[in-house]
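Below is one structure, written out as structure tokens, with a few remarks after it.
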Amino acid sequence: MNWVRDRASRALDYLWGGWGAAASLLLLTALWEAGHAAYGTLVLPSPRDTVAALVRMGGDGRLLPAVVETTGNALGGFVAASLVGGVLGAMAGASDMMRRLLQPIATLMLGIPAIAWVVLALLWFGGSGLAASFTVVVTTAPIVFSGAAQGVRTLDGDLRRMARAFRVPGPMLVWDVYLPHMLSYLFPALASALALSWKIAVMAELLSGAGGIGDGLATARVQLDTVKALAWVLAVVGLLLALEYLLLEPVRRHLQTWRREAQGGDSAMTRGLL
Amino acid sequence: MNAMPPAPALSIQGLSHSFGPQGVLDDVTFSLPVGRVGCLIGPSGCGKSTLLSMIGGLSEPTHGTIAHAFRHPVFVFQDPCLLPWRDARDNVAFGLKAQGVGRNERRCRAARLMEVVGLAPDDVGKYPHELSGGMRQRVALARALAIEPDLLLLDEPFSALDLGLRRQMQALVRRLIDQRNLTAVLVTHDLAEAVRLADCVFVLSGKPARLTARHDIARPFAERDDGFVHSEVNRLLSDPATARALAVEDMGHGGGQ
């Protein structure tokens, strides 16, 4: 009973917190409108025109396929990056030798600008969606790698000893001891990687012209259609916000109940997702 | 509860152990009857905890034998070692889960044990960071009792607590040991704690640890007041071997008593 009440009050808290976010977004819209009034439609179309353009794109069947395409490219790359980065990171966390071997490679890959990867991917894979997915993998895998390595490396030796003293069977050791600890490091890395994968996917699509939101942006640029360009930007931002507040934030809150007091200020804005 | 000459429940014969070239334990032999509290005392880092983990089956000695008929030995460590991501009740139920006890039953038993160790019903859903040091140690104690142990291995479980709390916890542990007819081995470097809780005190010397003295404390736990503890500590220290073994700590670590 207490549990239900606790959950309900937390959900209400979360929804109530939405007013703050809504207020800040409305303030941004007001600034946007002011910019439009000052510089005119060619430089900054009004929010109303942009939303209208977005609705039009939705109506004539261009928006949805592009969103699906970009989502597919981003998620495909993200899943692959999570698997590769997670497994290699766990190995690096468990073994010093593996860490010495893999860490420099991860650092090097983080150092290569995403745009350079896009150019290479276009040369290797041509103008297909594979170029976008590949770029997402190579740019986000090192982030996941670091999180996973740190998660495994920092597991408290005392907890391991305690689990051994209670003769905890292997699967329970992973599920009850290793995984929750790892997740507290891995989840922030995964959240950053997921948000980044969208931006990288759009960038790669823009240069490859193989469909998706990026392709739409490229077309708008060629046609000097600022309204349409902004409408595409709005679509990406909408996707990111939905992802952040409907998926990542609730999961984050659920995972972090046990150290709620240590949390704070870790919102989408401070981590630069937008 | 036991027959007149109690049979040794725990028997350690010629136990030696080394980590590489470094000798840790040297020919340690002692025994402890069922339902008694034995205490291993000696300078810090002399190998008491190593010996305890061998008794609990967590590691193997290089030489010698450990014989006992206990089926469920359990440890309580100095650090409560609670899982930060589980609430108090699930931490208490941790050992039961490892034994494959179903969710409802283990939660029920855990809640009952939390009451036994003096935790309030409100504490059931609290996470370790919301509990005080003493409460955390109570959770750890309840977690140990949950698996219905017959041998309690206490590795300096009170040394991180302040004096008042320590006395409360000592009394609680000893009461539970007597109620449940458990056998216990306590590791400590505090002679007063040893005298207050134990029936037999085994004194270990510095590295490599040898058993240098054994003292029996006959008076029942309920009758051990401060005066008794004080005079008993003095009696034990009047034994040269004991004084020498424990003085090592005073020189090496600035005194731990």
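The values are calculated or read from the model by the stated rules, or taken from the named source; none is laboratory data. Keep in mind that what you see is a predicted model, and the values were worked out from it rather than measured. So basically every Cβ, Gly included, is an ideal-geometry build from the backbone, and we count neighbours across all protein chains shown. With ligands, DNA and RNA removed, areas are computed over all heavy atoms of the protein, side chains included. Shrake-Rupley method; radii C 1.70, N 1.55, O 1.52, S 1.80 Å.
Here's a check for you: in region B:46-81, which residue that is in contact (Cβ under 8 Å) with a residue 60 or more places away in the chain and closer than 25 Å to A:Leu179 by Cβ is surrounded by the fewest Cβ atoms within 10 Å (Cβ to Cβ)? Per the criteria, the residue is B:Asp79. Summed over region A:15-40, residues that are open to solvent by less than 70 Å² (accessible area, probe 1.4 Å) and either among the charged types (D, E, K, R) or in contact with a helix residue (DSSP H, G or I) (Cβ under 7 Å, 6 or more places away or on another chain) (or both) total 2. Residues of region B:92-101 that are open to solvent by 10 Å² or more (accessible area, probe 1.4 Å) and in contact with a helix residue (DSSP H, G or I) (Cβ under 9 Å, 6 or more places away or on another chain): B:Lys97, B:Ala98, B:Gln99, B:Val101. Residue-level analysis places A:Met182 outside the set of residues that are out of contact with any helix residue (DSSP H, G or I) (no Cβ under 8 Å at 6 or more places or on another chain), within 14 Å of chain B (Cβ to nearest Cβ) and either surrounded by 17 or more Cβ atoms within 10 Å (Cβ to Cβ) or modelled with pLDDT of 90 or more (or both).
Do you know which residues across region A:92-104 are assigned to a helix (DSSP H, G or I) and surrounded by 13 or more Cβ atoms within 10 Å (Cβ to Cβ)? Listed by number, the residues that qualify are A:Ala92, A:Gly93, A:Ala94, A:Met98, A:Arg99, A:Leu101, A:Leu102, A:Gln103. If the condition is being part of a helix (DSSP H, G or I), under 23 Å from B:Ser59 (Cβ atoms) and more than 9 Å from every other protein chain (Cβ to nearest Cβ), then region A:145-172 contributes A:Gly157, A:Arg160, A:Gly170.
Quickly run through region A:120-138 and pick out the residues that are under 30 Å from A:Met182 (Cα atoms) and either open to solvent by 30 Å² or more (accessible area, probe 1.4 Å) or in contact (Cβ under 8 Å) with a residue 60 or more places away in the chain (or both). Matches in region A:120-138: A:Ala132, A:Ser133, A:Phe134, A:Thr135, A:Val136, A:Val137. Of the residues making up region A:213-258, those that are more than 30 Å from A:Gly40 (Cα to Cα) and in contact with a helix residue (DSSP H, G or I) (Cβ under 9 Å, 6 or more places away or on another chain) number 14. As an exercise: evaluate A:Gly76 against (1) surrounded by fewer than 21 Cβ atoms within 10 Å (Cβ to Cβ); (2) farther than 30 Å from A:Tyr178 by Cα and give the number of the one condition it does not meet. Every listed condition holds for A:Gly76 apart from (2).
All of B:Arg89, B:Arg36 fail the test of being open to solvent by 10 Å² or more (accessible area, probe 1.4 Å) and assigned by TED's automatic domain parsing to the domain that holds B:Gln137, apart from B:Arg89. Among the residues of region B:41-63, at least one is within 19 Å of B:Ala245 (Cα to Cα) and in a strand (DSSP E or B). Residues being in a helix (DSSP H, G or I) and touching a strand residue (DSSP E or B) at 6+ places or on another chain (Cβ under 9 Å) are represented in region B:129-139 by at least one member.
This table checks each residue for (1) without any contact (Cβ under 8 Å) to a residue 40 or more places away in the chain; (2) within 9 Å of chain A (Cβ to nearest Cβ).
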| residue | (1), (2) |
| --- | --- |
| B:Ala88 | no, no |
| B:Asn91 | no, no |
| B:Phe94 | no, yes |
| B:Val101 | yes, no |
| B:Arg107 | yes, no |
| B:Ala111 | yes, no |
| B:Met114 | yes, no |
| B:Pro121 | yes, no |
| B:Tyr127 | no, yes |
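From the list A:Ala163, A:Ala149, A:Ala229, A:Ala141, the lone residue that is open to solvent by 20 Å² or more (accessible area, probe 1.4 Å), touching a Leu at 6+ places or on another chain (Cβ under 9 Å), of a type in the set (A, V, I, L, M, F, W, C) and at pLDDT 90 or above is A:Ala229.
Return a yes/no flag: does region A:36-49 have any residue that is β-branched (Val, Ile, Thr) and part of a helix (DSSP H, G or I).
Checked against the condition, which is being β-branched (Val, Ile, Thr) and part of a helix (DSSP H, G or I), region A:36-49 yields no hits at all.
Pick from region B:23-71 the residues that are of a type in the set (Gly, Ala, Ser) and within 14 Å of chain A (Cβ to nearest Cβ): which of them is farthest from the chain's Cα centre (by Cα)? So that I can check it myself, show each step before the final result.
Going residue by residue through region B:23-71, those that are of a type in the set (Gly, Ala, Ser) are B:23, B:31, B:35, B:38, B:42, B:44-45, B:47, B:49, B:53, B:56-57, B:59, B:64, B:67, B:69.
Filter again for within 14 Å of chain A (Cβ to nearest Cβ), leaving B:49, B:53, B:56-57, B:59.
Numbers: B:Ser49: 10, B:Ser53: 11, B:Gly56: 11, B:Gly57: 15, B:Ser59: 17 Å.
Across region B:23-71, the extreme among qualifying residues is B:Ser59.
Taken over region A:52-65, the criterion of being in a helix (DSSP H, G or I) and surrounded by fewer than 14 Cβ atoms within 10 Å (Cβ to Cβ) is satisfied by A:Val55, A:Gly59, A:Leu64, A:Pro65.
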